[in-house]
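The values are calculated or read from the model by the stated rules, or taken from the named source; none is laboratory data. Please read all numbers here as calculations on a predicted model, not as lab measurements. Note: ideal-geometry Cβ built from the backbone for every residue, glycine included; neighbour counts use all protein chains shown. With ligands, DNA and RNA removed, areas are computed over all heavy atoms of the protein, side chains included. Shrake-Rupley method; radii C 1.70, N 1.55, O 1.52, S 1.80 Å.
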Amino acid sequence: MVSPIKTVAVLGGSGNLGPFIVQELVAAGFAVTGVTREASTNSTPKFPDGLPVKSVDYGSLDALKMAFDGQDAVVSIVGAPGIGAQKLAVDAALAAGVKRFIPSEFGINTRKVRGTPIGKIVAGKIDVVDYLQEKAKKNPSFTWTGLSTGLFFDVALKIGAAGINLKDKTATVIDSGNEKWQASQRSHIGKAVAAILHHPEETANKYLGTASFNLSQNELIDLVEELTGVKLTVTHASSADVQKAGEEKLAQGDFRAFLDFLRAHNHADGAGNALTGGANELIGLPYEDLREVVKGLLPSSTGDL
Ligand SMILES: NC(=O)c1ccc[n+]([C@@H]2O[C@H](COP(=O)([O-])OP(=O)(O)OC[C@H]3O[C@@H](n4cnc5c(N)ncnc54)[C@H](OP(=O)(O)O)[C@@H]3O)[C@@H](O)[C@H]2O)c1
């Protein structure tokens with residue numbers, strides 16, 4: 001029987017995703033404490049007014065343990081440079097009697113890509129989840145939940161990472177464009193993390209997925225064209241060529257290969273990486289309406305595309 005979670009420490013809550021999770025945790029009634037690096041150069045931490053924030057040396061087990069004392073859960077939202085540092089945070093959480101650790105995943109399902117080219121790039125994340133599994137096995141009162149979310153849809157649509165460049169009015173379609181892929185708005189991810197912590201029993205020691213929706217490239221292009229009245233110029237690429245371009249970059253030590261691998265991972269015909277079941281089904285997280293979300297994210301005038 002896993003007891004209810006009331007207090008939550010958040011690591012890396014001041015970045016791109018963090019504020020959305022902090023906001024939903026606070027709204028869901030958790031007592032949230034922000035934890036930020038002593039070395040942080042983030043001059044305008046984006047924590048809500050009045051939220052307790054502790055500045056901690058992430059290299060010190062004792063300092064991390066002190067920050068985690070009295071916390072039921074630790075949610076880590078650290079960015080890429082902090083992925084490895086999470087192992088010491090796991091040790092500290094365990095020493096402080098924390099019951100649930102949510103590591104910084106929030107992207108592709110890293111459990112599925114071990115040993116693949118994209119898996120090499122997210123090897124640090126895979127390693128942390130392995131570490132959590134090992135610790136939880138030895139310490140039954142310590143549990144973890146991993147959460148894959150697919151692409152941050154609200155960001156991706158605006159910056160062109162969803163395959164559509166709104167500024168240039170162009171789109172690139174990989175393979176047939178019919179493969180469904182997993183995508184989440186950052187606000188949805190915040191709600192998912194809060195719901196997981198409200199369901200500690202069902203979500204203990206599980207790697208779950210969530211999504212605002214699954215969508216295909218063709219669906220998105222049709223929707224954007226319909227909502228804006230603008231015809232996009234569509235070019236086509238094969239997932240094999242995109243994957244090869246990624247492999248060439250990776251061989252040169254160029255980690256921008258990740259974006260090529262991600263496009264093949266999401267869009268290749270038969271990739272099978274859309275969400276099925278996951279947290280949406282397990283704990284009743286509703287999907288969002290693609291049309292309404294896209295409508296809300298598009299610029300109000302086509303002149304601003
Ligand atoms: N699915 C997607 O489309 C997508 C897109 C982007 C990111 N992600 C994933 O989402 C998670 C969060 O990403 P993000 O973009 O929100 O991260 P971010 O903004 O780059 O960084 C989040 C926070 O991490 C902390 N941090 C930075 N360097 C650190 C270090 N060396 N050690 C420890 N902490 C450090 C900082 O907090 P303080 O300064 O307060 O310490 C920073 O504000 C990551 O797992 C990332 O891979 C997914």
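Can you give the relative contact order of the range 23-87 as a percent, counting alpha carbon pairs under 8 Å and 6+ residues apart?
Averaging sequence separation for qualifying contacts and normalising by length gives 26 percent for the range 23-87.
What is the packing order of peptides 90-99, 223-232, taking the mean over residues of other C-beta atoms within 10 Å and listing the highest first?
90-99, 223-232
Treating cross-link reach as a plain straight distance, find the lysines whose alpha-carbon is under 28 Å from the alpha-carbon of Lys138, omitting any fewer than eight places away in the same chain.
In chain and number order, the partners are Lys6, Lys65, Lys87, Lys99, Lys112, Lys120, Lys125, Lys206.
Which Cα, out of Gly277, Val242, Gln252, lies furthest along the positive dipole direction of the range 242-289 (beta carbon charges, K/R +1, D/E -1)?
Gln252
Of all DSSP beta bridges located in the chain, what percent are antiparallel, nearest 5?
Just about 15 percent of them are antiparallel.
Using 7 Å Cα-to-Cβ label points, what is the Thr233/Ser141 separation (nm, one decimal)?
Result: 6.4 nm between the two label points.
Taking a ≥ b ≥ c as the square roots of the Cα gyration tensor eigenvalues, with a/c under 1.5 meaning rounded and otherwise prolate when a/b beats b/c, else oblate, which class fits the range 1-102?
oblate
Using only alpha carbon positions, build the gyration tensor of the chain, then give the equivalent ellipsoid semi-axes as the square roots of 5 times its eigenvalues, largest first, whole angstrom.
Calculated on Cα positions only, the semi-axes equal 34, 21, 18 Å.
Please state the charge dipole magnitude for the chain, taken about the Cα centre, from unit charges on C-beta atoms (+1 on K and R, -1 on D and E), reported in debye and rounded to the nearest 20.
My answer is approximately 580 debye.
Along the Cα-to-Cβ line of Lys295, 7 Å from the Cα, sits a label point; which residues in the range 195-215 have backbone N less than 18 Å from it?
Correct set: 213.
Report, ordered by chain and residue number, the lysines lying within cross-link reach of Lys158, taken as a straight Cα distance under 16 Å and ignoring same-chain residues fewer than 8 apart.
Within the straight-line cut-off, Lys158 pairs with Lys167, Lys169, Lys295.
Ignoring any ligand, DNA or RNA, what whole percent of the accessible area of the range 16-79 comes from carbon and sulfur when the probe is 1.4 angstrom?
The C+S portion of the solvent-accessible surface of the range 16-79 is 50 percent.
Round to the nearest 10 and give me the degree value, 0 to 90, for the angle of helix 217-228's Cα axis relative to the longest principal axis of the chain.
That works out to roughly 70 degrees.
Could you rank Thr33, Thr172, Thr41 by how accessible they are, 1.4 Å probe, largest area first?
Thr41, Thr172, Thr33
Taking square-rooted eigenvalues a ≥ b ≥ c of the alpha carbon gyration tensor, is the range 174-278 rounded, prolate or oblate, where a/c under 1.5 means rounded and, failing that, a/b exceeding b/c means prolate?
Judged from the Cα gyration tensor, the range 174-278 comes out oblate (a/c at least 1.5, b/c at or above a/b).
What's the longest piece of the chain with no exposed chymotrypsin sites (Phe, Trp or Tyr not before Pro), counting a site as exposed if DSSP puts it in a loop and it has at most 15 other beta carbons within 10 Å?
Longest stretch, sites excluded: 1-254.
Among Pro4, Gly119, Ile102, pick out the residue whose Cα is farthest towards the positive end of the charge dipole of the range 1-120, where Lys and Arg carry +1 and Asp and Glu carry -1 on C-beta, about the Cα centre.
My answer, from the dipole projection, is Gly119.
Just reorder Val74, Val234 by solvent-accessible area, largest first, 1.4 Å probe, all chains present.
These residues rank, largest area first, as Val234, Val74.
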